[in-house]
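Below is one structure; the comments refer to it alone.
No value in this document is a laboratory result; all are computed from the given coordinates. The model shown is predicted, which means the values in this text are computed figures rather than measured ones. Here the Cβ positions follow ideal geometry from the backbone for every residue, glycine too, while neighbour counts run over all protein chains shown.
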Amino acid sequence: MYRLSLREARLNCRMELKEVSEKTGIPVRTLKRWEIDSGRANLVSVYKLLALYGFASLNHIHFGSESELLAQRQAALANIQEPA
C-alpha cells in the first residue's frame with residue numbers, strides 16, 4: 001500500500017501550514033515537527049488532520065520520519081529498475 005507523509009497529505013489538499021493550524025488548533029511549529037517525524041504526533045491530533053485532509057483511515061499515512069519513507073521509496077524504485 002502506498003502511504004503518504006503528513007506533508008504530502010497536506011500538500012495534496014493544497015493547504016498551507018498556517019491554514020491547517022487555524023482549522024485544527026495545532027500550532028504551526030508542532031505541525032512542522034510532525035511533518036518531519038509523524039511518529040511524534042498524538043493520535044487525537046492525527047485524526048483531526050486526517051479528517052481535514054479527507055482521509056478515512058490511518059492506513060494511508062506513514063508514521064515515522066519522512067526521510068525514512070523517502071528512503072524506502074527510493075529502495076523500492078531501485079529494485080524495480082534493476083534488470084533481471
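A cut-off under 12 angstrom between Cβ atoms defines the neighbours of residue 73, and their net charge, with Lys, Arg +1 and Asp, Glu -1, is -2. Over the chain, Cα pairs under 8 Å with separation of 6+ residues give a relative contact order of 38 percent. One equal scatterer on each Cα of the chain, no solvent, Debye formula: the resulting log10 I(q)/I(0) at q = 0.11, 0.13, 0.19, 0.22 Å⁻¹ is -0.31, -0.42, -0.79, -1.02. Amide H contacts of residue 61: 4, each under 5 Å away and 5 or more positions distant or on a separate chain (H built 1.01 Å from N in the peptide plane; Pro and chain starts excluded). Between residue 37 and 66, the built amide H atoms are under 5 Å apart, and every one of these is 5 or more places off in sequence or on another chain. Using θ = phi - 60° in the Karplus curve 6.51 cos²θ - 1.76 cosθ + 1.60, the 3J(HN,Hα) couplings for region 46-62 round to 4, 5, 4, 5, 4, 5, 5, 7, x, 9, 8, 9, 6, 5, 8, 10, 7 Hz; x is entered for Gly and Pro.
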